[in-house]
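Student: What follows is a single structure, and I will ask about it in a moment.
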Amino acid sequence: MSTLDISENLDELERITHSGFVDQFASQPTHRVASPGRLNVIGEHVDYNDGIVLPAAIERWIFGVFAPSAGNQVVVYDAKYTESITIDLAEELKPQKGEWANYIKGVFAQFQKQGIQIPAFNACIYSNVPTGGGLSSSAALEALFATIVETLLESPMDKMEKALLCQKAEHEFAGVPCGIMDQAAVILGEQNHLLKLDCRDLSVETVPFTSEELGLMIIDSKVHHELADGEYGKRRASCEQVRDILGLSSLRDATMDQLDAANIDDDVLYRRGKHVITEIERIEAAIEVLKVDDFVALGELINGSHFSLSHDCEVSCPELDFITDQARKHPGVLGARMMGGGFGGSAILLVRKDQAEAVAAKIDQAYQEAYNLKAAFFLTNPSQGVSVSPLS
Ligand code: GLA
């Protein structure tokens, strides 16, 4: 049996949500929308420091079908967990601790702030983006609902504006002071391309990423350490402190010489600054090596990113250190690192496709022996960002 997961494709997701919609609402949906999760090849904990990141949308989606409805409610049926939520549009939208509806309400609230009235609708959704897997299922959910609203209003938004709206929803309704990477990746993603996203001026360039021999493997460690949320904010605050010590407007402009010259006696702060500065150097190097398809060099930069995230940024965890360590021992792996905010979630590997199955099986076994946990493994190509189309 294969260790690599095969998940529902877009047609299957449409079938599931279509039949869920008909059962639940006894009517036909008018549109479908596919909102992907994201990966990031390199550039972690730099988006909120005005850095450059190299993410892509993945071939895992929160899929939805929807139709406008009469009245003043939004009803969302989740066909995976067979549960519904109802949002009353006549009431003030407020976040409730721990609710997944917060992501949807957060998006609606941003539209309302602009004086836009949310239209009533029914939706049925189904997700194969692992939740809590560090693959930005929350950004996918935000993008999905922002896309439903703009579609029903017949007023398409600029993609980056939409990403910024979703980021604000995350800040204000989920309480996570995230950067722009996740929302931008799930909205602006392009098939077979990475996005070179400059988080300072929000410019985006696409970088082709197709290879017969090499692929990107995601490994969901299935752990999520609870300190994650508060620690993310602390990393951000430490970076701002270092920036202020260096007297800069952002750490994007800092160099290691400047950091060393500042004689920061707090070792933790020094290492936080070092991570950001060296990670930005690695991204710049990665962009250069990608131009000449030097994947061996890219793999080394990916490994370097992990060590820096683990030792200097301190956002890894024993499970992700173990998985990436095991991965590097395999000749089929060119590079391995933890991905996303950290403290659990997923790792990303640059692998030789013909050895991917063997790599996954080997890590799977070692991880089960060491941690008694079953990770999930899958290969993905960079995919298209959120897309919507009418159903005939
Ligand atoms: C989370 C945040 C992103 C980014 C990453 C770390 O995914 O949502 O904005 O900061 O962590 O690179």
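Student: By how many degrees, 0 to 90 and rounded to 10, does the Cα axis of helix 318-328 deviate from the longest principal axis of the chain?
Tutor: For helix 318-328, the angle is close to 70 degrees.
Student: Oh, and also: Can you tell me the orientation of helix 159-169 relative to the chain, as the angle in degrees between its alpha-carbon axis and the longest Cα principal axis, to the nearest 10?
Tutor: Helix 159-169 sits at roughly 90 degrees to that axis.
Student: Another question, if that's okay. How many nm is it between the label spots at Ala262 and Lys113, if each spot is 7 Å from the Cα in line with the beta carbon?
Tutor: Using points 7 Å along Cα→Cβ, the separation is 2.9 nm.
Student: Expressed in nm², what is the orientationally averaged projection area of the convex hull enclosing the Cα positions of the chain?
Tutor: Hull-based average projected area comes out at 19.6 nm².
Student: A further question on this structure: For Lys94 and Ala370, FRET efficiency with R0 = 56 Å and r from the beta-carbon atoms, rounded to 0.05?
Tutor: Taking R0 as 56 Å, the efficiency between Ala370 and Lys94 is 0.85.
Student: Share of antiparallel DSSP beta bridges in the chain, in percent to the nearest 5?
Tutor: Just about 90 percent of them are antiparallel.
Student: Right, another one. Identify, among Ala56, Ala26, Cys124, the residue whose Cα sits farthest towards the positive end of the charge dipole of region 10-208, taking +1 on the Cβ of Lys and Arg and -1 on the Cβ of Asp and Glu, with the dipole about the Cα centre.
Tutor: Ala26
Student: Just add up the charged neighbours of Asp182: K/R +1, D/E -1, any other residue whose Cβ is under 11 Å from the Cβ of Asp182.
Tutor: For residues surrounding Asp182, the net value is -2.
Student: Go ahead and collect, in residue order, the members of region 100-125 whose backbone nitrogen is under 11 Å from a label point 7 Å along the Cα-Cβ direction of Thr131.
Tutor: 100-101
Student: Just from its helices, what would the mean residue ellipticity at 222 nm be for the chain, if runs of 4 or more DSSP H residues each count -39500 (n - 2.57) and the sum is divided by every residue, rounded to the nearest 500 deg cm²/dmol?
Tutor: -13000 deg cm²/dmol
Student: Taking 0.36 nm per residue of separation and subtracting the Cα-Cα distance, what length does fully extending His311 through Ser27 add?
Tutor: Gain on extension, His311 to Ser27, equals 96.8 nm.
Student: Counting Lys and Arg as +1 and Asp and Glu as -1, what is the net charge of the other residues whose Cβ lies under 14 Å from the Cβ of Asn9?
Tutor: In short, -3.
Student: With +1 assigned to the C-beta of every Lys and Arg and -1 to the C-beta of every Asp and Glu, and no other charges, what is the dipole magnitude of the chain about the Cα centre in debye, to the nearest 20?
Tutor: For the chain, the charge dipole is close to 460 debye.
Student: Let me ask something additional. For region 272-325, just list the percent of Cα-Cα distances falling in each 10 Å bin from zero outward, please.
Tutor: Here the calculated profile for region 272-325 is 25, 47, 27, 2.
Student: Further question on the same structure: What number, in percent, do you get for the relative contact order of region 10-208 if the mean sequence gap of Cα pairs under 8 Å and at least 6 apart is divided by its residue count?
Tutor: For region 10-208, the relative contact order is 27 percent.
Student: Out of region 42-132, which trypsin sites (Lys or Arg not before Pro) are coil in DSSP terms and have no more than 13 other C-beta atoms within 10 Å?
Tutor: Lys97
Student: Work through the residues other than His306 whose Cβ is under 12 Å from its Cβ and net out their charges, Lys, Arg +1 and Asp, Glu -1.
Tutor: Neighbour charge sum, excluding His306 itself: -3.
Student: Something else: Tell me which of His171, Leu152, Ser383 sits at the most positive position along the dipole axis of the chain, charges placed on C-beta atoms (Lys, Arg +1; Asp, Glu -1).
Tutor: Checked the options; the winner is Leu152.
Student: Charges on Cβ only, +1 for Lys and Arg, -1 for Asp and Glu, centred on the Cα centroid of region 214-380; of Ile283, Val333, Cys313, which one is farthest towards the dipole's positive end?
Tutor: Value: Val333.
Student: If you don't mind, another one. Mind checking the dipole of region 1-106: about its Cα centre, +1 per Lys or Arg Cβ, -1 per Asp or Glu Cβ, Debye to the nearest 20?
Tutor: 100 debye
Student: In degrees, nearest 10, range 0 to 90: what is the angle between the Cα axis of helix 137-152 and the longest Cα principal axis of the chain?
Tutor: Roughly 40 degrees, rounded to the nearest 10.
Student: Taking region 58-98, which GluC sites (Glu not before Pro) meet the DSSP loop condition and have no more than 14 other C-beta atoms within 10 Å?
Tutor: Glu91, Glu92
Student: Now a separate question. So how far apart, in nm, are the two label points at Asp158 and Asp354 if each is 7 Å from Cα heading toward Cβ?
Tutor: The answer from the label model is 4.8 nm.
Student: While we're looking at this one, here's another question. Please work out the C-alpha center-to-center distance from region 143-169 to region 1-39 and express it in whole Å.
Tutor: 20 Å
Student: Would you please name the GluC sites (Glu not before Pro) within region 118-177 that are DSSP coil residues with at most 12 other C-beta atoms within 10 Å of their C-beta?
Tutor: Passing both the DSSP loop test and the Cβ count: Glu154.
Here, each number is a calculation from the coordinates, and none is a lab measurement. Since the model is a prediction, treat every value here as computed from it, not as a measurement. Here the Cβ is made from the backbone with ideal geometry for all residues, glycine too, and neighbour counts use every protein chain on show.
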